């Protein structure tokens, strides 16, 4: 380990890909190390793919893909003697996700003969502890959310808190070569090491935001990794693919990506302010950024994410090609819903409102629904019926009642039964539990590390 | 600057890219990337709270509009009418919600 008493002139951060398990060419790593990387940081998760991963506590990525990426990253971290930080392990950052990645890391270290100290940081939260925080007025809604009630907390299958850089820094200070973090802000994963080495928060947080999605801030987002060097006055950034460029526009535009406000972004300990940032091309593929600021907040807050079961689902699919039906497809859909509701009441004795169904007409107006402006008569329509009920047996039973309607329901004016095109046999698939994100709240904390638990092991 | 011939032009015709995406599970954000200062001025004038409210059935007061001349970009953010992944949400990443904005006809280009 280098002398850590005085801040270095700069800290180099290698981000090999926007998502662990997405893959990257091995050249990405050699290039990043030759540029003088001091840390490798990679995000392992996101809420972007929906509430299932947090609700079920499973990863979106596969073990094979994650093992492949980690094998390259662990070898690089070990040979260059620099730390590796993985954030939001297992997609949603549940404790099961951290342990899943940790098991893969341990297996690789044994197979490849690596001697690395691994820190696991757990971010999963107990509903009863949060209820106590709620009762003492320390939980606040974020816009556009409603104030929280305790019942919502207890409904959650899993709750995670998003850590800032402090628990990650604590793990590295304790000697971790590899930090496997539960849910963390995307930026904290990249910022932690640079902040620990005394880099200024304004450029560090801004750089961390720009590099968190890998190649998204370059002229060719599909090429993967990026390298940033942070110093006392700003940061410089370049892609790790030699044929790709960072331009002032591609870097500045990344502040737009998946953000509500492109000028300010709240972190647990304060706000990144980039309205005054200047983006300067150093050459045709490297950009210098100066003028970014970080405003510390008076109250440190940890954001919560929680997913609760909304029901159990079955999905059915059928195709309609008959122009006579398609000319009156709105009428057919209305007749379908009315008929299904009556049959579920008559046969299963379930009142409307105790179950849910969404009939989606793909090829007509499924995606935008009522926002679709006067769609034309389509050539064909894929009819997807999504049924939700309080248990799987009921969702399946409703879908089986719907099956003959999806196959044969005529228009109300027709005096014969048409037959439509099922794509598969059976035409339905049980989806199991379905989840919804139900928390959009923050907790006031006295210490940035108090909600997170660390375990150190020598792999 | 603009081809004001007979065919109506949409914002999508003029733009380099019009896109939409989640900004977390509870917000949606739209961006129009325009190719130059002239087309940016057209987009900046066209994209108003009234237009977005009408196209997306959201309250004007809930909208945030950012006009960014340096990047030739207009960005609009608003709360998702349906939380991501709920039963009636048909666009998990809000990746196709740019279309009503992209299809908006630019005034002065209609026949």
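Brief remarks follow.
- Inside region A:100-117, residues that are on the phi < 0 side of the Ramachandran plot and either assigned to a loop (DSSP other than H, G, I, E, B) or in contact with a strand residue (DSSP E or B) (Cβ under 7 Å, 6 or more places away or on another chain) (or both) make up a count of 8.
- Residue check, residue A:238 within 11 Å of chain B (Cβ to nearest Cβ) and in contact with a strand residue (DSSP E or B) (Cβ under 8 Å, 6 or more places away or on another chain): no
- Residues that are closer than 24 Å to residue B:85 by Cβ, assigned to a strand (DSSP E or B) and more than 14 Å from every other protein chain (Cβ to nearest Cβ) within region A:419-431 comprise A:428, A:429, A:430, listed in sequence order.
- Check on residue B:76, within 12 Å of chain A (Cβ to nearest Cβ), touching a residue at least 12 places away in the same chain (Cβ under 8 Å), closer than 30 Å to residue A:307 by Cα and buried (at least 19 other Cβ atoms within 10 Å of the Cβ): yes
- Some residue of region A:123-140 being closer than 30 Å to residue A:275 by Cα and in contact (Cβ under 8 Å) with a residue 24 or more places away in the chain: yes
- Checking residue B:81 against (1) more than 8 Å from every other protein chain (Cβ to nearest Cβ); (2) more than 29 Å from residue A:431 (Cβ to Cβ), the condition it does not meet: (2)
- The set of residues from region A:243-259 being more than 24 Å from the chain's Cα centre (by Cα) and either part of a helix (DSSP H, G or I) or not assigned by TED's automatic domain parsing to the domain that holds residue A:206 (or both) comprises A:248, A:249.
- Residues within region A:371-388 that are within 11 Å of another protein chain (Cβ to nearest Cβ) and within 27 Å of residue A:312 (Cβ to Cβ), tallied: 4
- Residue in region A:142-151 that is in contact (Cβ under 8 Å) with a residue 60 or more places away in the chain, surrounded by 18 or more Cβ atoms within 10 Å (Cβ to Cβ) and within 18 Å of the chain's Cα centre (by Cα) present: no
- When residue A:353 is tested against (1) within 20 Å of residue B:82 (Cβ to Cβ); (2) part of a helix (DSSP H, G or I), only condition (2) is not met.
- Lone qualifier among A:301, A:314, A:341 - being under 21 Å from residue A:384 (Cβ atoms) and either surrounded by 20 or more Cβ atoms within 10 Å (Cβ to Cβ) or in contact with a strand residue (DSSP E or B) (Cβ under 6 Å, 6 or more places away or on another chain) (or both): A:314
- Single residue of A:203, A:239, A:262, A:248 found to be over 25 Å from residue B:75 (Cα atoms) and at pLDDT 95 or above: A:239
- Considering A:439, A:411, A:406, the condition of being at pLDDT 95 or above, within 30 Å of residue B:26 (Cβ to Cβ) and surrounded by 14 or more Cβ atoms within 10 Å (Cβ to Cβ) is satisfied by A:439 alone.
- Test: residue in region A:168-189 that is part of a strand (DSSP E or B), within 14 Å of another protein chain (Cβ to nearest Cβ) and within 14 Å of residue A:303 (Cα to Cα): no
- Checklist (1) part of a helix (DSSP H, G or I); (2) closer than 22 Å to residue A:448 by Cβ; (3) within 14 Å of chain B (Cβ to nearest Cβ) applied to residue A:133, failing item: (3)
- In region B:41-49, the count of residues that are in contact with a helix residue (DSSP H, G or I) (Cβ under 9 Å, 6 or more places away or on another chain), touching a residue at least 40 places away in the same chain (Cβ under 8 Å), buried (at least 17 other Cβ atoms within 10 Å of the Cβ) and part of a loop (DSSP other than H, G, I, E, B) is one or more.
- Filter result for residue B:32 (more than 10 Å from chain A (Cβ to nearest Cβ), assigned to a helix (DSSP H, G or I), more than 30 Å from residue A:312 (Cα to Cα) and in contact (Cβ under 8 Å) with a residue 12 or more places away in the chain): no
- Residues satisfying the stated conditions in region B:100-111, i.e. surrounded by fewer than 17 Cβ atoms within 10 Å (Cβ to Cβ) and within 10 Å of chain A (Cβ to nearest Cβ): B:103
- Of all residues in region A:309-318, those that are closer than 30 Å to residue A:185 by Cβ and within 11 Å of chain B (Cβ to nearest Cβ) total 1.
- Pairs meeting the criteria (first residue in region A:254-273 and over 17 Å from residue A:211 (Cα atoms) and within 14 Å of chain B (Cβ to nearest Cβ), second residue in a loop (DSSP other than H, G, I, E, B) and modelled with pLDDT of 95 or more, beta carbons under 7 Å, at least 6 apart or on different chains) are A:260/B:23.
- Residues being more than 14 Å from chain B (Cβ to nearest Cβ) and in a strand (DSSP E or B) are represented in region A:433-447 by at least one member.
- Subset tally (residues that are more than 14 Å from every other protein chain (Cβ to nearest Cβ), farther than 21 Å from residue A:81 by Cα and under 14 Å from the mean Cα position of the chain (by Cα)) for region A:20-62: 7
- Residues (in a strand (DSSP E or B), surrounded by fewer than 22 Cβ atoms within 10 Å (Cβ to Cβ) and more than 14 Å from every other protein chain (Cβ to nearest Cβ)) located in region A:152-167: none
- Annotation note: of B:25, B:35, the sole residue that is crowded, with 18+ Cβ neighbours inside 10 Å and more than 14 Å from the chain's Cα centre (by Cα) is B:25.
The values are calculated or read from the model by the stated rules, or taken from the named source; none is laboratory data. Quick caveat: nothing in here was measured; it's all calculated off a predicted structure. Quick reminder, even Gly has a Cβ in these numbers, built from the backbone with ideal geometry, and neighbours come from all protein chains shown.
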